[in-house]
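Engineer: Before I ask anything, let me first share the structure, which is written out below as structure tokens.
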């Protein structure tokens, strides 16, 4: 009984392997395996014939790739939008053909922007003024946010006269005196007060709460005085007068709701 012939050998000169599902090329009409079935893989003569025929009879031009070592041609131009040279589809992107404009263009762009910025600074034109205003606005927003956070922290642990209506309360972080006729057991106290209170009443309230000696009614004794904690020592201006109201001090901008203030013992010779 004759043996059955199953499959065919690949016609590629360097292959010749037996393939049970051979492929017949419609160009050269030879049989190839799966690996060499594409015309490029077995160097089919029909490719060159087709190319020659196209070049001689087709009215369309073809465009070569400018990338070094690439022989691909396209029916339509594919220029690079950076260097404007023509490339094939494989090398059309700037990064794929190592475009020289990748390094040159950004540097020029940044140099122009830097030069423009320097010019604005030197001439002090409206663009620079606008930048200054933007920075100032951001700074104000940052300060407002910091003040709001500080106020929330003070409120979380503040104490004071429960009889003061909530809507009339103003909150301060008070630095207590560490020396003098008496000193507080803690360095700081968070308290609320009525915004209509005078500084004298605030001092009295704090001294009672912190168990501080208050001899403000005695002429020669050291006096308890209140000042904004952020100001440097200046006995002629930094301490608040006893008859000043909190609402007026806050309206003037010297203090705000949530400020830090300092209670100090001051020589009795000075009492605003």
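Engineer: By average Cβ neighbour count within 10 Å, what is the ranking of 83-95, 157-169, 242-254 from highest down?
Structural biologist: Highest-to-lowest ranking by the protection proxy: 83-95, 242-254, 157-169.
Engineer: Largest first, please: the extent of the C-alpha atoms of the range 151-266 along each principal axis, to the nearest Å.
Structural biologist: Cα spread of the range 151-266 along its principal axes, largest to smallest: 39, 29, 24 Å.
Engineer: Sort 38-44, 259-265 for me by packing, meaning the mean count of neighbouring Cβ atoms within 10 Å per residue, highest on top.
Structural biologist: With the highest mean Cβ count within 10 Å placed first, the list reads 259-265, 38-44.
Engineer: Another question, then. Is the shape of the range 60-99 rounded, prolate or oblate, going by the alpha carbon gyration tensor and its root eigenvalues a ≥ b ≥ c, with a/c under 1.5 for rounded and a/b larger than b/c for prolate?
Structural biologist: In terms of gyration-tensor shape, oblate.
Engineer: Can you give the relative contact order of the range 60-99 as a percent, counting alpha carbon pairs under 8 Å and 6+ residues apart?
Structural biologist: Over the range 60-99, the number comes to 34 percent.
Engineer: Further, regarding this structure: So between residue 38 and residue 15, what do we pick up on full extension, going 0.36 nm a residue minus the alpha carbon distance?
Structural biologist: My answer for the length gained is 6.9 nm.
Bear in mind that the values in this text are calculations on the coordinates, not laboratory data. Model, not experiment: these values are computed from the prediction. Neighbour counts are summed over all protein chains in view; Cβ atoms, including those assigned to glycine, are modelled from backbone coordinates with ideal geometry.
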